[in-house]
Amino acid sequence: MTKILKRLVSTLILIIGVLYLGLIAYAYWPTGGETVSARELATAEDKFATASGLEFRYRSYGTPAPDKPNVLLLHGMGNSLQSFRLLAPLLADDFYVIAADMPGFGLSAKPADFDYRAGGMASAMGAFARAIGLKRYAVGGHSMGGAIALLMAVNEPEVSGLILMNPGIINDGVPKITRYLPFPFQRIAAKQFGDREFRESFLKVSYVNPDIVTEQVMDDLQLAARTDDYLVGATSMMGQYEDPVGLAPLAQVTVPTLIAWGKQDRNKDDAELQQLIEGLSNTRVDVVEVADSGHYVHEEGAVPVAKAMIEAAPQWR
């Protein structure tokens, strides 16, 4: 009986070992398709700036003027500046708008040795804003970008206003188990997010109307995976998950804040919205709730969000 048990255990260990080696092989198996530099994928609309040794892609909307507030828009996890393709043009007459790819995303640099946690990203985006000469600006962020915008509002002296769009401050929607996955699951996750079919199916569940995810949207999103530094950067990022920034930084915000809230977000409810409002106890808070919007409130609710931002503009000058 003991011999049989030992054989079963040995067989089980062998099977697990083979499976594990198979995972490693899958993680490092060539994905196929040519990768190129970010600059080769850029269009005439794209601009680039260097800050803290990193290259950032960004686009501008409107023209800077003394009577127009400046706004810096930060996208969410797995996205890029394309996420503001609907909102930014609606703001161009009233703001000078900058939409940027954060490190690790879009056509911005994706170094393996970068700190992709919220604090590191906030510091990098503050350096980017200084590099392009952005003075006294409101910073708006969606999902993960909302947490980064929050930290910028606390730490960057030029920030004059804050816009939170279904932010990942209290709940970021990332399962806790992902923080403890061993090698090579980080690279496997990076490969999955680089897969067009997986990314499209994952993205569509975040909308009330998934038809908003067009072929052009997917083409733009997939630019990141076509860059030659994507896998090393994304793998590093996937290994740096942390708990959400939480409520503590909210009490440190002193600039006027607008919360744009898609009420049909599958991972967020009215209780979380109330926590955000109550946490922002040291500043003025305005809220625009969009009934027929999911997680991407700035896309499905671009018109009401733009209207609310324009109404709040005098506070951010």
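Here, each number is a calculation from the coordinates, and none is a lab measurement. Model, not experiment: these values are computed from the prediction. All Cβ positions, glycine included, derive from the backbone under ideal geometry; neighbour counts span all protein chains shown.
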Task: segment 71-103-segment 217-283 distance, computed between alpha-carbon centres (Å) - done: 14
Open item on the list: So for the chain, averaging the separation of alpha carbon pairs under 8 Å that are six or more residues apart and normalising by length, what relative contact order in percent results?
Closed with: 20
Open item on the list: At a 10 Å Cβ-Cβ cut-off, how would you order Thr214, Thr257, Thr227, fewest neighbours first?
Closed with: Thr214, Thr227, Thr257
- [ ] Would you be so kind as to identify which of Asn166, Thr2, Ser293 lies farthest towards the positive end of the dipole of the chain, taking Lys and Arg as +1 and Asp and Glu as -1 on Cβ and the Cα centre as origin?
- [x] Thr2
- [ ] For a footprinting-style exposure proxy, rank Phe95, Phe198, Phe193, Phe48 by other Cβ within 10 Å, fewest first.
- [x] Phe198, Phe48, Phe193, Phe95
Task: Farthest positive-ward along the chain dipole, Cα basis, beta-carbon charges - from Ile310, Ser52, Leu223 - done: Ser52
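Please sort by residue number the GluC sites (Glu not before Pro) in segment 230-317 whose DSSP state is loop and whose Cβ has at most 13 other Cβ atoms within 10 Å.
Values: sites: Glu242, Glu272, Glu278, Glu289, Glu299, Glu300, Glu311; in loops: Glu242.
In loop regions of segment 230-317 (DSSP not H, G, I, E or B), the sparsely surrounded GluC sites (Glu not before Pro) are Glu242.
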TODO: Among [x] 82, 45, 37; [y] 66, 41, 34; [z] 53, 49, 40, find the value of Cα extents along the principal axes in Å that was calculated from the structure presented, and write down its label.
DONE: [x]
Task: Loop-resident sites, segment 97-149, for trypsin sites (Lys or Arg not before Pro), counting at most 13 other Cβ within 10 Å (DSSP) - done: Lys135, Arg136
- [ ] Run the dipole for the chain about the Cα centre, Lys and Arg Cβ at +1, Asp and Glu Cβ at -1, nothing else charged, and hand back the magnitude in debye, nearest 20.
- [x] 1080
TODO: Between beta-carbons, use under 13 Å as the cut-off and find the net charge around Pro167, counting Lys and Arg +1, Asp and Glu -1.
DONE: -2
TODO: List the residues whose amide H sits under 5 Å from the amide H of Leu72, counting only those 5 or more places along or on another chain, with H placed 1.01 Å from N in the peptide plane.
DONE: Ile98, Ala138, Val139, Gly140
Open item on the list: For Ser52, Ser201, Ser293, Ser160, which order do you get if you count the other beta carbons within 10 Å of each Cβ and list the fewest first?
Closed with: Ser201, Ser52, Ser160, Ser293
Task: FRET E, pair Met218, Ile4, Förster distance 35 Å, beta-carbon r, rounded to 0.05 - done: 0.05
